[in-house]
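This report concerns only the one structure given below.
The values are calculated or read from the model by the stated rules, or taken from the named source; none is laboratory data. Because the structure is predicted, anything quoted here is derived from the model rather than measured. Note: ideal-geometry Cβ built from the backbone for every residue, glycine included; neighbour counts use all protein chains shown.
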Amino acid sequence: MKASIVVLPGDGIGPEVASAGVAVLRQIATRFGHEFTFAEHAIGGDAIDRFGDPLPPQTREALLAADAVLLGAVGGPKWSDPNAPVRPEQGLLAMRKLLGVFANVRPLKLHPRTAALSPLKPERTKGVDLVFIRELTGGIYFGAKTRSEHDATDECRYSVEEIERVVRHAFALARTRRRKVTSVDKANVLETSRLWRSVATRVAADFPDVALEHQLVDSMAMHLLTRPADYDVIVTENMFGDILTDEASVLAGSLGLSPSASIGGPGAGVYEPIHGSAPDIAGQSLANPLGTILSAAMLLRHSLGLTEEAAAVEAAVDHVLEHADLTRDLGGTATTHAVTRAVIEACNAKA
Ligand code: ATP
Ligand code: MG
């Protein structure tokens, strides 16, 4: 198949990990006979430096024409002055809005070798294989805000439609997995959560083969550490998802390992590692590329429908996690390039 992929390297280690993802996608294209084209564009701090805009017009135009987007990372101390007129993160928000993506998908699967780096005991992390779906467009982050000398307010608002589309996504995904959805809310206190719960219950009726459980966010925070293996698909609103996915990322052993996808809109999906721009290690080939490479696998599966190709990348990463020297964050001594090469070789070896 033909696919045009926009690559947004961004800042810090972003360019290093993005080029690792592209190298693996090129290998997959060769092995399976696809024609992928890659177009690099500016976003974030890099785009502010070069064009004075965190999401310049030429990037926007390319995004609207893309089949999928592979992103490195955005931001860094150089642009972090809170009084600056433009900030790198505005580029991310503008991109999400432009593409209409509303579901942020974060799988968490622990490999035995890296689970040893997790703060949880091995018996707790055994069998963990879950996916978070975080609503991305609504809730308290986007509500009306006021601030006076004496008080401040942040409005939290959700429409039925916003809840329904993301919950449906969770049920559809659960059908391809262990058929269990955990919907997280705070329905004992919040009106938006009561609406969330009623919509989730109604949607569940359309998926009789999938089990739905409701869980309060505070107890979810606890169960994520005490019995993470019990969960399959977890769906929740924007702020709860922000907090819980950061908590969950600790279970994986390194930030460098976890992929994510932002999908659901009419436009292309955006695939990126969950880590930030890691300015402390940028430019030294110390960055772990596996989170980006696994994001590229999600891109193949979700945006291009290439299931076998995605599985080939994931199997190659598993092989590398099992047998190869890894980057420093995983206790190894390998460079970003060496790990990327090992993944590409593992892709070939299985051909
Ligand atoms: P952001 O605000 O952009 O999300 P952050 O403050 O969460 O950034 P990161 O940039 O993700 O922070 O980095 C946190 C720590 O994890 C840093 O010490 C960084 O070096 C390390 N780290 C992040 N990503 C990787 C990676 N791919 N490989 C190795 N180490 C990483
Ligand atoms: Mg962060």
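Number of residues in region 184-224 that are more than 20 Å from the chain's Cα centre (by Cα) and over 22 Å from ARG165 (Cβ atoms) equals 7. Selection within region 61-74: residues that are more than 17 Å from GLY14 (Cβ to Cβ) and assigned to a loop (DSSP other than H, G, I, E, B). The member of this set that is nearest to ligand 2 (Cβ to nearest atom) is ALA66.
Listed here are the residues, each with its yes/no results for (1) surrounded by 22 or more Cβ atoms within 10 Å (Cβ to Cβ); (2) farther than 18 Å from GLY267 by Cβ; (3) aliphatic (A, V, I, L, M).
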| residue | (1), (2), (3) |
| --- | --- |
| HIS41 | no, no, no |
| GLY45 | yes, yes, no |
| LEU55 | yes, no, yes |
| LEU92 | yes, no, yes |
| ARG113 | no, yes, no |
| SER118 | no, yes, no |
| GLU123 | no, yes, no |
| LYS126 | no, yes, no |
| LEU130 | yes, yes, yes |
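Residues satisfying the criterion are absent from region 91-105 (criterion: more than 30 Å from ALA65 (Cα to Cα), at pLDDT 90 or above and among the aliphatic types (A, V, I, L, M)). Mind checking whether some residue in region 27-46 is within 16 Å of ligand 1 (Cβ to nearest atom) and touching a Ser or Thr at 6+ places or on another chain (Cβ under 7 Å)? Yes. Return yes or no: is SER285 at pLDDT 95 or above, more than 8 Å from ligand 1 (Cβ to nearest atom) and surrounded by fewer than 24 Cβ atoms within 10 Å (Cβ to Cβ)? When the stated conditions are applied, SER285 passes them. Applying the criterion of being among the polar types (S, T, N, Q) and part of a helix (DSSP H, G or I) to the residues of region 288-299, the residue that is surrounded by the most Cβ atoms within 10 Å (Cβ to Cβ) is THR292. Kindly indicate whether THR245 is within 11 Å of ligand 1 (Cβ to nearest atom), part of a helix (DSSP H, G or I) and of a type in the set (S, T, N, Q). Against the criterion (within 11 Å of ligand 1 (Cβ to nearest atom), part of a helix (DSSP H, G or I) and of a type in the set (S, T, N, Q)), THR245 does not qualify.
Taking residues in region 25-41 that are farther than 14 Å from VAL343 by Cβ, and partners anywhere that are among the small types (Gly, Ala, Ser), the pairs with Cβ atoms closer than 6 Å and at least 6 places apart or on different chains are PHE36/ALA3; PHE36/ALA29; THR37/SER4; ALA39/ALA62; HIS41/ALA62.
Taking region 75-154 and the helices (runs of 4 or more DSSP H) fully enclosed by it, the elements with 2 or more residues that are over 21 Å from the mean Cα position of the chain (by Cα) and not assigned by TED's automatic domain parsing to the domain that holds TYR271 are at 112-115, 122-125.
In the condition set (1) within 15 Å of ligand 2 (Cβ to nearest atom); (2) assigned by TED's automatic domain parsing to the domain that holds ILE43; (3) buried (at least 24 other Cβ atoms within 10 Å of the Cβ), THR340 is compliant with all but (1).
Restricting attention to region 267-284 and to residues that are farther than 13 Å from SER303 by Cβ and either part of a loop (DSSP other than H, G, I, E, B) or not assigned by TED's automatic domain parsing to the domain that holds LYS97 (or both), the residue that is nearest to ligand 2 (Cβ to nearest atom) turns out to be GLY276.
Of the residues making up region 201-239, just one is crowded, with 21+ Cβ neighbours inside 10 Å and within 16 Å of ligand 2 (Cβ to nearest atom), namely ASN238. Residues that are within 16 Å of ligand 1 (Cβ to nearest atom) and among the hydroxyl-bearing types (Ser, Thr, Tyr) were ranked within region 300-334; the one that is surrounded by the fewest Cβ atoms within 10 Å (Cβ to Cβ) is THR333.
Selection of region 201-239 for residues being assigned to a strand (DSSP E or B) and polar (S, T, N, Q) yields GLN215, THR236. Within region 240-260, the set of residues being away from ligand 2 (no atom under 15 Å from the Cβ) and surrounded by fewer than 23 Cβ atoms within 10 Å (Cβ to Cβ) comprises just one member, LEU251. For region 1-46, the set of residues classified as assigned to a helix (DSSP H, G or I) and in contact with a helix residue (DSSP H, G or I) (Cβ under 6 Å, 6 or more places away or on another chain) consists of GLU16, VAL17, ALA20, GLY21, ALA23, VAL24, LEU25, GLN27, ILE28, PHE32, GLY44, GLY45, listed by residue number.
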